[in-house]
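Let me begin by presenting the structure, written as structure tokens, before commenting on it.
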């Protein structure tokens, strides 16, 4: 009697295992098939990456357009010529046309570009440096050069050596961004238009 129960138990276990194994083969997907949720690298490179790059190219503004906007605006403000006009006092001292500090509030997506010699002090918020070339912006407070994309410390004096450099709010920034500016500057929106001052 005991051997019949053991034999019946073994047969039931084998039958159950066979059914479970057969069922699992029917529901699995073959790698690379239409039902496989993971895509291959070649598919990504051929289809998805190209579409992303095309869409990004449509939405972004190019470096040349930024340089033209900055040069035109700074020329209107009188700070884009590279020379500092005389004060007319006869002493030979030169002065920056706008020697006072201006407090600028940056919105997410805006970029603040400075003319040659413009000074920035970031007061609140998290910003990153931007540059139209490989060089960065000198941080006079720490004595370092801040490369494009690097975070700018609060209350550090930055001096823009030439046009095409500035700061913009970090993508993860949640605070309001206020920057004190001395000199000529231009604020560009994310779509490439000039922001109203």
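The values are calculated or read from the model by the stated rules, or taken from the named source; none is laboratory data. Everything numeric in this text was worked out from a predicted model, so none of it was measured. All Cβ positions, even for glycine, are placed from backbone atoms using ideal geometry, and neighbour counts span all protein chains on display.
Working only within the range 129-148, note down all residues that are crowded, with 17+ Cβ neighbours inside 10 Å and either under 13 Å from residue 110 (Cα atoms) or out of contact with any helix residue (DSSP H, G or I) (no Cβ under 7 Å at 6 or more places or on another chain) (or both).
Those that are crowded, with 17+ Cβ neighbours inside 10 Å and either under 13 Å from residue 110 (Cα atoms) or out of contact with any helix residue (DSSP H, G or I) (no Cβ under 7 Å at 6 or more places or on another chain) (or both): 129, 130, 131, 136, 137, 138, 139, 146.
Can you spot a residue in the range 149-161 that is free of Cβ contacts under 8 Å to residues at least 12 places away in the same chain, surrounded by fewer than 16 Cβ atoms within 10 Å (Cβ to Cβ) and either assigned by TED's automatic domain parsing to the domain that holds residue 105 or more than 20 Å from residue 75 (Cβ to Cβ) (or both)?
Within the range 149-161 (the criterion being free of Cβ contacts under 8 Å to residues at least 12 places away in the same chain, surrounded by fewer than 16 Cβ atoms within 10 Å (Cβ to Cβ) and either assigned by TED's automatic domain parsing to the domain that holds residue 105 or more than 20 Å from residue 75 (Cβ to Cβ) (or both)), the answer is no, since none of the residues qualifies.
Conditions (1) assigned to a loop (DSSP other than H, G, I, E, B); (2) out of contact with any strand residue (DSSP E or B) (no Cβ under 8 Å at 6 or more places or on another chain); (3) modelled with pLDDT of 75 or more, marked per residue:
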| residue | (1), (2), (3) |
| --- | --- |
| 16 | no, yes, yes |
| 25 | no, yes, no |
| 30 | yes, yes, no |
| 37 | yes, yes, no |
| 42 | no, yes, yes |
| 49 | no, yes, yes |
| 58 | no, yes, no |
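Confirm whether residue 184 is touching a helix residue (DSSP H, G or I) at 6+ places or on another chain (Cβ under 9 Å), crowded, with 17+ Cβ neighbours inside 10 Å and in the same structural domain as residue 113 (by TED's automatic domain parsing).
So residue 184 passes the test.
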